[in-house]
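The values are calculated or read from the model by the stated rules, or taken from the named source; none is laboratory data. Everything numeric in this text was worked out from a predicted model, so none of it was measured. Because the Cβ atoms are built from the backbone with ideal geometry, glycine has one as well, and the counts that use them run over all protein chains shown. Calculation scope for accessible area: heavy atoms of the full protein, side chains included, ligands and nucleic acids excluded. Shrake-Rupley method; radii C 1.70, N 1.55, O 1.52, S 1.80 Å.
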Amino acid sequence: MKKVIKLFIAIAFFINCTAVFSSEYYFCDTGDDNNPGTVDKPMQTYAKATTLFNTMLPGSSINFCRGGQFVVDSTPRFYNSSCHKDAVCEIKDYGDSNKPMPVILSLNGSSPFNFEDGGPSNADGGYVVRNISLISSGGGVGVRLSNEVNDTLIDNVYIDGFDIGVYFAGANKPANKLSNGSNDRIKLINSRIINSSKIGFLGTCNDCLIEKNTFERNGSHGILDHNIYLSSASKASTGITIRDNFLYKSSIVDGKCNGVSLVAHGVFHDLVITNNTVKEDAGKVSLACWGISVDTGYQQYEEYFKNVKITNNTLINVGGTAIGCASCDGLEITGNKIIDEGGILITGISVPVRDEDSFKSSNVLIRNNKIVSTTPKFSGIKIGGDNPYEVSNNQIWQPENTTVECIIRKLVNTNTDISQNDCEYHNGLKLDKLLVDTVEIIHVADEGNLDSYSIKNESDNATYNQPETIIDTKPSRLTNKTIDIEANTEQNAHAPTGGGSSHSSSPSSSGTSSGRNINIPKDETTTKLSNDTSEKSRFTSPLSTTVIQEDSKSLDNTPTPTNAVKENVRKPSSIRSITIKDVIDASREDYKEVNASTCRAYSRDVCLMR
């Protein structure tokens with residue numbers, strides 16, 4: 001017993017000593033490596049900072065001055081086995097908060113933050129990177145975690161111009177039985193990853209969070225590149241949550257999006273994709289520009305996905321398919337809003353979205369989604385596969401000249417009950433004056449001088465313009481109903497913020513909506529400091545182009561409508577000209593019990609406006 005007590009005393013003494021002897025080292029581009037590294041006498045170089053990080057005591061920190069710039073021209077290795085989750089080692093900013101975050105300038109394709117030990121994987125971690133800007137002249141990886149890095153936080157980091165923005169890589173063979181060969185408990189939050197020539201985020205981990213980030217203009221090689229690419233081929237990854245992110249301009253080739261914005265291939269359990277906004281500019285997409293897809297993409301691996309939730313996301317102007325899944329068991333696609341004004345979207349939700357491996361999709365629920373498109377060959381939902389699915393309480397708006405069914409059913413799901421869904425026609429759709437502007441990225445004109453770089457955070461004072469969604473007034477035999485689409489009105493993390501504010505947008509379980517704001521960012525929010533993002537060697541990916549080509553060929557063979565949805569679901573209306581604002585204002589009054597003949601706007605057996 002006395003030995004146990006002595007052991008606890010020794011541990012407590014060690015922890016206290018760690019707190020006492022931990023150090024803060026300061027670096028500024030005006031400093032000198034011969035200085036002691038205090039606030040008043042900072043050191044200078046990135047190489048010196050790397051050396052100190054790898055040897056400093058747990059609880060210590062490396063601090064770069066705001067307004068400073070630091071050059072790295074070869075890839076360092078960050079590894080400190082003394083750091084741990086209860087006494088983290090930090091890399092962060094210090095100084096005048098009115099100055100821009102410190103800039104780490106990467107040259108020669110170097111990767112400035114490479115957290116990795118050599119040899120067999122042996123767990124390390126307890127790292128924090130916060131309030132830093134990483135800018136590349138071309139190539140490299142902004143932040144790379146490899147060989148079993150755990151308990152790491154990446155917070156408010158600006159990453160611009162690398163081949164890959166953030167890479168959670170694999171590991172070598174475990175060094176011992178305590179090693180699992182995986183990166184665990186990692187958080188990427190409040191950050192901005194832009195202009196990656198290949199991929200914004202790549203890799204996988206266990207019990208990880210990707211939250212309140214912006215991914216923009218990542219990828220330049222077509223279908224091989226993505227804003228976010230979850231890849232876990234060799235073994236299952238568990239417990240990844242992707243939440244409240246903003247994804248824009250995925251894999252731009254010749255001015256158009258040509259790659260899935262958020263994709264997952266491999267083996268995943270308990271994957272949650274929720275409250276994200278995936279947006280492209282109207283008409284500037286190809287059929288390969290899908291929104292969110294969790295599906296089979298590797299030739300050499302058996303893939304499957306268990307307990308996947310794709311919920312409450314907003315997808316605007318994507319092409320081909322907005323949301324898809326294949327080889328998914330325990331799949332929920334609920335509460336999403338899909339809006340297409342560009343006339344490119346072919347399918348709102350598709351399961352299975354491509355050929356499945358031996359693991360077939362089952363226990364699938366598609367409910368409470370709202371989907372609208374201007375494409376004549378657009379179908380809201382397409383279901384097939386080897387097991388029956390549940391599809392209910394979805395609202396779908398097709399153009400009046402549609403040539404396909406509202407919900408397409410194939411194979412085992414040919415006779416699936418879809419009577420509890422609401423399909424309507426519209427004869428015009430306009431989404432205009434839509435703005436998202438929570439954070440303004442400013443590059444003061446100084447011919448790209450890094451001293452002029454700054455970030456202005458206005459997330460606490462954001463304003464939102466009321467969108468004006470208008471239904472065309474030309475006469476029609478079809479329903480001319482006001483489209484009731486609610487998109488996220490609270491912004492989904494459009495840039496790094498110091499502490500990060502909460503963002504949420506949850507529709508009611510009944511699928512009704514209380515607001516009709518649709519937020520879209522300005523086309524140009526950033527200007528690269530370095531334009532050297534020329535294409536290098538193509539990133540190797542087992543993703544095949546075959547499925548997309550086959551899907552394109554099948555469009556002309558899509559069956560015409562057969563009134564599969566419940567009878568009289570497309571009700572006639574006497575509406576002449578109604579805007580969303582009219583309905584919002586009028587719906588504050590209770591007209592549920594009025595006679596339908598006196599109702600100007602009528603939806604789902606409820607009078608919205610007299």
With the structure loaded, tell me whether F78 is more than 23 Å from D96 (Cα to Cα), among the aromatic types (F, W, Y), open to solvent by less than 10 Å² (accessible area, probe 1.4 Å) and modelled with pLDDT of 95 or more or whether it fails that test.
yes
Residue match in segment 372-382 (condition: touching a His at 6+ places or on another chain (Cβ under 8 Å), crowded, with 22+ Cβ neighbours inside 10 Å and outside any loop (DSSP other than H, G, I, E, B)) | yes
Inside segment 282-304, the number of residues satisfying the requirement of being modelled with pLDDT of 95 or more and over 18 Å from G239 (Cβ atoms) is 11
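Here's the yes/no breakdown for (1) at pLDDT 95 or above; (2) closer than 16 Å to S327 by Cα; (3) open to solvent by 10 Å² or more (accessible area, probe 1.4 Å):
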site: H226; (1), (2), (3): yes, no, no
site: L230; (1), (2), (3): yes, yes, no
site: G239; (1), (2), (3): yes, no, yes
site: L247; (1), (2), (3): yes, no, no
site: G259; (1), (2), (3): yes, no, no
Of the residues in segment 337-362, those that are free of Cβ contacts under 8 Å to residues at least 40 places away in the same chain and surrounded by fewer than 24 Cβ atoms within 10 Å (Cβ to Cβ) number 2
Flagged pairs (Cβ under 6 angstrom, 6 or more apart or on separate chains; first in segment 380-404, within 17 Å of D417 (Cβ to Cβ); second among the hydroxyl-bearing types (S, T, Y) and part of a strand (DSSP E or B)) are K382/T347; K382/S350; N387/S362
The strands (runs of 3 or more DSSP E) lying entirely within segment 387-461 that contain at least 1 residues which are modelled with pLDDT under 95 are 395-399, 422-426, 439-443, 453-457
Residue pairs qualifying under the 8 Å Cβ cut-off, at least six apart or on distinct chains, with the first in segment 16-33 being modelled with pLDDT of 65 or more and open to solvent by 30 Å² or more (accessible area, probe 1.4 Å) and the second being part of a loop (DSSP other than H, G, I, E, B) and hydroxyl-bearing (S, T, Y), are S23/S60; E24/S60; Y25/S60; Y26/T38; D33/T45
For segment 236-294, the count of residues that are closer than 20 Å to G319 by Cβ, more than 11 Å from the chain's Cα centre (by Cα) and charged (D, E, K, R) equals 6
Checked against (1) modelled with pLDDT under 95; (2) surrounded by fewer than 22 Cβ atoms within 10 Å (Cβ to Cβ), V253 satisfies every condition except (1)
